[in-house]
Amino acid sequence: MTDALSAAAEPNRRRILQLLASGPRSVTELAEEFPVTRSAISQHLLVLSEAGLVAARKDGRQRFYSIVPGGVVRLRAEIDRFWTDELDLLVADAARLARR
């Protein structure tokens, strides 16, 4: 199983998550938003599904994907564990250097 942080790190998959945040979409609807094939979007959705971030619902011949709230909560927890005081200090130092 792919971990959520690795799955969400890829830019196309992050964009898919952003699109699904507004509600379920079919693979076709999602593919219209990208310069890649429908098959490529399906592969990205598979990775996100394996990571527990999205789930599919079949309706006739179409699959509609939606966010799995618990998966996003786990992703957020991973990011929060990663974001340490040292990173806050690094951001503050970079901001100070940028102002100079």
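The values are calculated or read from the model by the stated rules, or taken from the named source; none is laboratory data. Computed from a predicted model, the values in this text were never measured in an experiment. For neighbour counting, all protein chains shown are included, and Cβ atoms are generated from backbone atoms with ideal geometry for every residue, glycine included. Keep in mind that these areas ignore ligands, DNA and RNA; they rest on the heavy atoms of the full protein, side chains included. Shrake-Rupley method; radii C 1.70, N 1.55, O 1.52, S 1.80 Å.
Numbers below:
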{"item": "Some residue of the stretch 29-47 being part of a loop (DSSP other than H, G, I, E, B), under 19 Å from Ala4 (Cβ atoms) and out of contact with any strand residue (DSSP E or B) (no Cβ under 8 Å at 6 or more places or on another chain)", "result": "no"}
{"item": "Qualifying residue in the stretch 20-29 (condition: surrounded by 15 or more Cβ atoms within 10 Å (Cβ to Cβ) and under 27 Å from Asp80 (Cα atoms))", "result": "yes"}
{"item": "Selected residue (only one of Asp59, Asp3 is under 13 Å from Gly71 (Cα atoms) and at pLDDT below 95)", "result": "Asp3"}
{"item": "Some residue of the stretch 6-20 being β-branched (Val, Ile, Thr) and assigned to a helix (DSSP H, G or I)", "result": "yes"}
{"item": "Long-range neighbours under 9 Å by Cβ, at least six apart or interchain, first residue farther than 10 Å from Glu50 by Cβ within the stretch 1-16, second open to solvent by 70 Å² or more (accessible area, probe 1.4 Å) and acidic (Asp, Glu)", "result": "Arg15/Glu33; Ile16/Glu33"}
{"item": "Within the stretch 73-90, tally of residues that are more than 21 Å from Val54 (Cβ to Cβ), open to solvent by less than 80 Å² (accessible area, probe 1.4 Å) and either at pLDDT 85 or above or part of a helix (DSSP H, G or I) (or both)", "result": "2"}
{"item": "Residue in the stretch 17-34 that is nearest to Val47 (Cα to Cα), counting only those that are touching a residue at least 40 places away in the same chain (Cβ under 8 Å) and aliphatic (A, V, I, L, M)", "result": "Leu17"}
{"item": "Looking only at the stretch 1-19, and only at residues there that are open to solvent by 60 Å² or more (accessible area, probe 1.4 Å) and charged (D, E, K, R), the one that is farthest from the chain's Cα centre (by Cα)", "result": "Asp3"}
